[in-house]
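This report concerns only the one structure given below.
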There are 2 protein chains.
Amino acid sequence: MALRLSPVFDVIVGSREKDKAELTCRLGIETLKNRGTACSLTGVSNQDAVDSAEVVILAIPFKHLAGTLEGLHGFENKIVISPVNPMEKRDHFTFVPPVEGSAALMVKRLLPPTARICSAFNTIAANKWKALDEELAYSVPVCGDDAEAKRQVMDIVNRISRLQAFDAGPLAASSMVEALTPLLLNIARYNKMRDVGIQFR
Amino acid sequence: MALRLSPVFDVIVGSREKDKAELTCRLGIETLKNRGTACSLTGVSNQDAVDSAEVVILAIPFKHLAGTLEGLHGFENKIVISPVNPMEKRDHFTFVPPVEGSAALMVKRLLPPTARICSAFNTIAANKWKALDEELAYSVPVCGDDAEAKRQVMDIVNRISRLQAFDAGPLAASSMVEALTPLLLNIARYNKMRDVGIQFR
């Protein structure tokens, strides 16, 4: 995700281990440089990333989400994007939401009430982010309760490759967005496709 | 749906009121005839439809699903397609599954164990079925536990306009398909679109 965002935005990558974030960013800068692409990419600790960023993307597996957020502070008034999909692989992939109903609503409960939470980027597979030669011609549903924050998140989405943002309603509607990802994983698996994205039309 | 299916398959429309089914079919035949399209379309009672059909499509709103099925018999060994989406309109459209987890799993509980249940056609809006001048260039996820029944349902899907069937896994995965429809209704509403469909790619 950082490889796609850092040519367009100043990207600060946070990690529990600052060294790991720095290494990841050095490799990312190198990758983009070899393609002749300038970028802005800095590796720091998770807390430094939250403190420095205007918009925080919680690119964390669901199982680490609560633990990570509980160790961090400073989310007041920030735009926070949840791309997180709570799911499990049983014999097929299944949407397994937390008691709040969705990962996005769990984030809302864990963060201060002034945090401006949106869900976005849920259905873009990691391999798609990495495949820099491929255009990302996909639809991205965006949910949120803060209209201005949602507009900004949709603008961010629309500036990346050929992603197209769609307003998918309030944050409470995120469960239906998060359930899309295990559906897409099942479709990839049962139809022998590599990675599956969606377009609304 | 009958307007799109009856030029390709023998379609028997069932209704609680046989007269209503007959009238609907006369109007449908007329509509298609005016377009120079031959069709096979017959209106009967719900029970006669179940008795005569090889494949039964439960094109019923969720709130009438249990009541309708409880009054019918003869589903043994039949292929039964559920396009039903249990949802409610609160301030936005929301997926509200029954205790079984999905409409498709509720159908499974209500029908005899030999019924071969698949979910399909969940995300094709009524207006799209009706707009005979428009091609239906959409993806259709199909779930089911009976591999041969699922293959037949996918074949039916693939013979209608430009619909493309995708195997979306076992019947237990239907909840994620049914949740797509309220998501699409929200996207239509919040982005001022008329009817929204999906393509997997």
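The values are calculated or read from the model by the stated rules, or taken from the named source; none is laboratory data. Values in this document were obtained by computation on a predicted structure and should not be read as measured data. Here the Cβ positions follow ideal geometry from the backbone for every residue, glycine too, while neighbour counts run over all protein chains shown.
Of all the criteria given as (1) more than 14 Å from residue A:104 (Cβ to Cβ); (2) buried (at least 19 other Cβ atoms within 10 Å of the Cβ), the one not satisfied by residue A:177 is (1).
Take the range A:172-201 and flag every residue that is among the aliphatic types (A, V, I, L, M) and assigned to a helix (DSSP H, G or I). Once the filter is applied, which keeps residues that are among the aliphatic types (A, V, I, L, M) and assigned to a helix (DSSP H, G or I), the range A:172-201 yields A:172, A:173, A:176, A:177, A:180, A:183, A:184, A:185, A:187, A:188. Taking the numbered list (1) more than 11 Å from every other protein chain (Cβ to nearest Cβ); (2) surrounded by fewer than 18 Cβ atoms within 10 Å (Cβ to Cβ); (3) in contact with a helix residue (DSSP H, G or I) (Cβ under 8 Å, 6 or more places away or on another chain) in turn, residue A:131 passes all entries but (3).
Scanning the range B:104-114 for residues that are of a type in the set (Val, Ile, Thr) and part of a loop (DSSP other than H, G, I, E, B) yields one hit, B:114.
Looking at the structure I just gave you, is residue B:52 more than 18 Å from residue B:116 (Cβ to Cβ) and not β-branched (Val, Ile, Thr)? It is false that residue B:52 is more than 18 Å from residue B:116 (Cβ to Cβ) and not β-branched (Val, Ile, Thr). When the range A:157-174 is filtered for residues that are at negative phi and in contact with a strand residue (DSSP E or B) (Cβ under 7 Å, 6 or more places away or on another chain), the ones remaining, listed by number, are A:157, A:158, A:163, A:164, A:165, A:166, A:167, A:168, A:170, A:171, A:173, A:174. Here the strands (runs of 3 or more DSSP E) wholly within the range B:7-103 that include at least 1 residues being without any contact (Cβ under 8 Å) to a residue 60 or more places away in the chain and buried (at least 16 other Cβ atoms within 10 Å of the Cβ) are B:10-15, B:40-45, B:55-57, B:79-82. Residue pairs whose Cβ atoms lie under 8 Å apart, separated by 6 or more positions or on different chains, with the first residue in the range B:111-138 and closer than 19 Å to residue B:39 by Cα and free of Cβ contacts under 8 Å to residues at least 60 places away in the same chain and the second among the charged types (D, E, K, R) and crowded, with 17+ Cβ neighbours inside 10 Å, are B:134/B:128. Of everything listed in (1) more than 18 Å from residue A:196 (Cα to Cα); (2) more than 9 Å from every other protein chain (Cβ to nearest Cβ), the single unmet condition for residue B:123 is (1). Against the numbered list (1) surrounded by fewer than 24 Cβ atoms within 10 Å (Cβ to Cβ); (2) within 27 Å of residue B:192 (Cα to Cα), residue A:143 comes up short only at (1). Within the range A:45-99, the set of residues being within 14 Å of chain B (Cβ to nearest Cβ) and not basic (Lys, Arg) comprises A:85, A:86, A:87, A:88, A:91, A:92, A:93, A:94, A:95, A:96, A:97. Being more than 14 Å from every other protein chain (Cβ to nearest Cβ) and either within 22 Å of residue A:96 (Cα to Cα) or free of Cβ contacts under 8 Å to residues at least 40 places away in the same chain (or both) is the requirement here; does residue B:106 meet it? Here the answer is yes, as residue B:106 does meet what is asked.
Would you please name the residue that is nearest to residue A:93 (Cα to Cα), looking only at residues in the range B:142-180 that are among the polar types (S, T, N, Q) and more than 9 Å from every other protein chain (Cβ to nearest Cβ)?
Checked the range B:142-180; the qualifying residue nearest to residue A:93 (Cα to Cα) is B:174.
Selection within the range B:181-197: residues that are surrounded by fewer than 23 Cβ atoms within 10 Å (Cβ to Cβ) and facing another protein chain (nearest Cβ under 7 Å). The member of this set that is nearest to the chain's Cα centre (by Cα) is B:197.
Residue-wise test of (1) among the hydroxyl-bearing types (Ser, Thr, Tyr); (2) modelled with pLDDT under 95; (3) out of contact with any Lys or Arg (no Cβ under 8 Å at 6 or more places or on another chain).
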{"site": "B:38", "(1), (2), (3)": "no, no, yes"}
{"site": "B:48", "(1), (2), (3)": "no, no, no"}
{"site": "B:52", "(1), (2), (3)": "yes, no, yes"}
{"site": "B:56", "(1), (2), (3)": "no, no, no"}
{"site": "B:59", "(1), (2), (3)": "no, no, yes"}
{"site": "B:62", "(1), (2), (3)": "no, no, yes"}
{"site": "B:69", "(1), (2), (3)": "no, no, yes"}
{"site": "B:77", "(1), (2), (3)": "no, no, no"}
{"site": "B:81", "(1), (2), (3)": "no, no, yes"}
